[in-house]
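The values are calculated or read from the model by the stated rules, or taken from the named source; none is laboratory data. Remember, predicted model here, so these are calculated numbers, not experimental data. Ideal geometry is used to build each Cβ from the backbone, glycine not excepted, and the neighbour counts take in all protein chains shown.
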Amino acid sequence: MSTNSSIQPVSPESELLSNTTCQLEEDLSISFSIIFMTVGILSNSLAIAILMKAYQRFRQKYKSSFLLLASALVITDFFGHLINGTIAVFVYASDKDWIYFDKSNILCSIFGICMVFSGLCPLFLGSLMAIERCIGVTKPIFHSTKITTKHVKMMLSGVCFFAVFVALLPILGHRDYKIQASRTWCFYKTDEIKDWEDRFYLLLFAFLGLLALGISFVCNAITGISLLKVKFRSQQHRQGRSHHFEMVIQLLGIMCVSCICWSPFLVTMASIGMNIQDFKDSCERTLFTLRMATWNQILDPWVYILLRKAVLRNLYTICS
């Protein structure tokens with residue numbers, strides 16, 4: 001009888017917490033989180049201003065579509081950084097006591113949805129930009145006659161809605177987003193995975209992210225090779241080609257930043273989903289790869305800020 005009375009009932013709220021504790025050498029302070037969020041917001045704000053100004057100035061069709069997609073990508077990064085950063089700061093300020101301030105798991109669900117959306121949507125937009133430039137360079141007549149701004153906006157909306165759908169899948173499947181072992185973020189279930197559905201979410205996220213990176217790589221490679229062939233074949237339309245080269249350089253910058261920042265996290269999620277590695281053994285590594293991924297939202301805008309034609313021309317003048 002005494003044994004039975006000593007058993008403590010498990011609260012529903014505690015079931016939402018990860019059963020794994022991530023032993024970090026040093027927790028990030030709330031001050032660092034605030035600084036990190038502020039730098040990201042300011043960087044994206046500056047890039048948005050530059051892109052909007054460029055969109056108003058350049059009315060050439062071949063560049064307006066690219067600038068529209070680039071603006072959408074930076075705006076997505078901006079709001080992703082703002083929302084996720086604000087929630088993270090609140091979590092740190094509340095001493096990561098989720099059971100106290102989020103008994104209904106609403107905040108964790110919002111956090112998880114935003115994490116998935118702000119992760120996949122920029123990757124999708126990056127691949128869409130690469131496809132648009134590839135068509136613009138390799139099939140210029142088709143691009144100028146068939147791909148209008150209206151079509152670009154429709155594709156942009158489709159990409160965003162698909163990213164929202166993927167982010168809402170666990171909710172639609174009556175699954176909760178899980179508070180992760182570090183108690184600082186929410187995501188799909190990553191520890192003690194026992195059924196196919198939890199594995200499916202992780203593998204779908206990783207597959208879509210890696211697929212977007214792969215599409216970007218292939219399209220950018222085709223675009224770059226095509227431009228180099230045109231450069232050595234003819235000296236006509238130098239102005240148009242210079243804008244193409246500027247956009248391709250920016251696309252290559254976006255692709256490199258995305259690959260470096262996101263690939264480790266995507267591969268880690270795929271490994272956990274396929275049971276190649278146990279989350280308990282990779283908790284600290286997962287958190288490190290997550291922090292690498294969040295740097296993508298800070299570095300993306302600097303691609304547009306630093307890799308503009310005017311900046312590159314000045315840099316070339318200084319170096320020469």
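Restricting the search to the range 126-156, which residues are over 16 Å from Met247 (Cβ atoms), surrounded by 15 or more Cβ atoms within 10 Å (Cβ to Cβ) and free of Cβ contacts under 8 Å to residues at least 40 places away in the same chain?
If the condition is that a residue be over 16 Å from Met247 (Cβ atoms), surrounded by 15 or more Cβ atoms within 10 Å (Cβ to Cβ) and free of Cβ contacts under 8 Å to residues at least 40 places away in the same chain, then Met155 is the only one that fits.
Check every one of the helices (runs of 4 or more DSSP H) wholly within the range 276-320 and list those with 1 or more residues that are at pLDDT below 75 and either buried (at least 20 other Cβ atoms within 10 Å of the Cβ) or among the basic types (Lys, Arg) (or both).
The helices (runs of 4 or more DSSP H) meeting that bar are 309-319.
Show the residue pairs that are 6+ apart or on different chains and have beta-carbon atoms under 9 Å apart, the first residue being within the range 270-282 and small (Gly, Ala, Ser), the second being assigned to a loop (DSSP other than H, G, I, E, B) and at pLDDT below 70.
What qualifies is Ser271/Gln277.
Report yes if some residue within the range 88-111 is at pLDDT below 95 and crowded, with 24+ Cβ neighbours inside 10 Å; otherwise report no.
yes
Please enumerate the residues belonging to the range 73-121 that are assigned to a helix (DSSP H, G or I) and touching a Lys or Arg at 6+ places or on another chain (Cβ under 8 Å).
Answer for the range 73-121, where residues must be assigned to a helix (DSSP H, G or I) and touching a Lys or Arg at 6+ places or on another chain (Cβ under 8 Å): Val91, Trp98, Cys108, Gly112.
Of the residues Ala54, Ala72, only one is surrounded by 16 or more Cβ atoms within 10 Å (Cβ to Cβ), under 20 Å from Met129 (Cα atoms), modelled with pLDDT of 90 or more and not basic (Lys, Arg); which?
Ala72
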